[in-house]
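Everything on this sheet refers to the single structure shown next.
Laboratory data are not the source of any read-out in this text; all were calculated from the coordinates shown. All figures in this text were calculated on a predicted structure; none of them were measured in a lab. A quick note on method: Cβ atoms are made from the backbone with ideal geometry, for glycine too, and the neighbour counts reach across all protein chains shown.
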Amino acid sequence: MLRSLKDLFGALQPPTAATASASTAEHTVQLATAVMLIEVMRADPDIDRAAELAVIDALREKFSLAEDEVERLIELAHRAARDATDWFEFTSHINAHFEMPAKIRMVEYMWRVAYADGELSAHERHVMWRISDLLHVPHGAYINAKMRAKDAAGG
């Protein structure tokens, strides 16, 4: 079950040996992933239901969460995204916990969010490039993830 907003934000601080736990680490990675998906969704000024559903599907598929857990995670991610000053605090947790195949899969989920409305704006493209760069995803893998997401969107 997801912890309170305060616990999740506290989890974004560098863990000490005494405070680090598998559960806290998992919640932190879930929040960081959700924030990145939300940031791609927010890159489009006209957020539509298709983008919201793409975020929900990605989180459900990636973390096998129950419906109420996904809703709470998205709520927390919206707050965290709104209050964040940069993306590094989130991408650093993802980099620490995901191997490259998982990061590439995450980039594909983000592309699915970007393509959910059938259009790709320059701002969405820029956000995708910046996040992928922070995740250290190679350019070829970034482009392949984009093509898979575009094909899945029917484009």
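Loop-located GluC sites (Glu not before Pro) in the stretch 40-81 (DSSP state not H, G, I, E or B) with no more than 10 neighbouring Cβ atoms inside 10 Å do not occur. So how much slack lies between Ala96 and Ala84, counting 0.36 nm per residue of separation and subtracting their Cα-Cα distance, in nm? In short, 2.4 nm is gained.
Mean residue ellipticity at 222 nm, helices only, the chain: -23500 deg cm²/dmol; runs of at least 4 DSSP H residues each add -39,500 (n - 2.57), and the sum is divided by the number of residues.
The order of His93, His136, going from fewest to most other C-beta atoms within 10 Å of their C-beta, is His136, His93.
Hey, if you put +1 on the Cβ of every Lys and Arg and -1 on every Asp and Glu Cβ in the chain, which of Pro138, Met128, Val35 ends up farthest toward the positive end of that dipole? Selected residue: Pro138.
Roughly how tilted is helix 22-42, in degrees to the nearest 10 and between 0 and 90, from the longest Cα axis of the chain? It works out to around 30 degrees. Apply the a/c threshold of 1.5 to the C-alpha gyration tensor of the chain and tell me whether it is rounded, prolate or oblate. Prolate, since a/c reaches 1.5 and a/b exceeds b/c.
Per-residue 3J(HN,Hα) values for the stretch 94-111, derived from phi via the Karplus relation 6.51 cos²θ - 1.76 cosθ + 1.60 with θ = phi - 60°, read 5, 4, 6, 10, 10, 6, 4, x, 5, 5, 5, 4, 5, 4, 5, 4, 5, 4 Hz in sequence order (x marks Gly and Pro).
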